[in-house]
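Asks: Following this message is one structure expressed as structure tokens.
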Amino acid sequence: MTNNTLGDQVLQIPLSDRWRIYHRLQELKISCSCHADGSLRVQVNTLLEAVLIRSTVIQFLAHRHELVEWLERCWDYSAEC
């Protein structure tokens, strides 16, 4: 996201992934829009929405090994609790 505040945000998303991310955010009921200039704009109203947006973007843009490492850290953390 372009800054650390809630509200209207412009995401820097590669064009090849923009529509897939847009549709996933729509499924999550997060207000977003693709504009003629190619930008993906999202309305961030809560911290939960910010987390969901970040998670969605990472899901589409991260390399497989990064996702595996993240999942393993989650498993390790849950085993400690």
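Asks: Place the peptides 61-69, 29-37, 17-25 in order of packing, highest mean first, counting for every residue the other Cβ atoms within 10 Å and averaging per peptide. Mind dumping the intermediate values first?
Replies: Values: 61-69: 10.4, 29-37: 12.2, 17-25: 16.3.
The peptides rank, most packed first, as 17-25, 29-37, 61-69.
Asks: Next question, about the same structure. What is the local net charge at PHE60, summed over the other residues whose Cβ is closer than 9 Å to its Cβ (Lys, Arg +1; Asp, Glu -1)?
Replies: Working: positive: ARG20, ARG24; negative: ASP17.
So the surrounding residues net to +1.
Asks: While we're on this one: Could you bin all the Cα-Cα distances of the chain into 5 Å bins starting at 0 and give me the percent of pairs in each, rounded to whole numbers?
Replies: Taking all Cα pairs of the chain, the binned fractions are 3, 14, 24, 21, 17, 12, 7, 3, 1, 0 percent.
Asks: Can I ask one more? Rounded to the nearest 0.05, what FRET efficiency do GLU66 and ARG18 have when you use their Cβ-Cβ distance and R0 = 30 Å? Please report the intermediate quantities before stating the final value.
Replies: Details: r = 20 Å, r/R0 = 0.67.
Rounded to the nearest 0.05, the efficiency is 0.90.
FYI, it's all coordinate maths here, none of it is from the lab. Because the structure is predicted, anything quoted here is derived from the model rather than measured. FYI the Cβ positions are ideal-geometry reconstructions off the backbone, even for glycines, and counts take in every protein chain you see.
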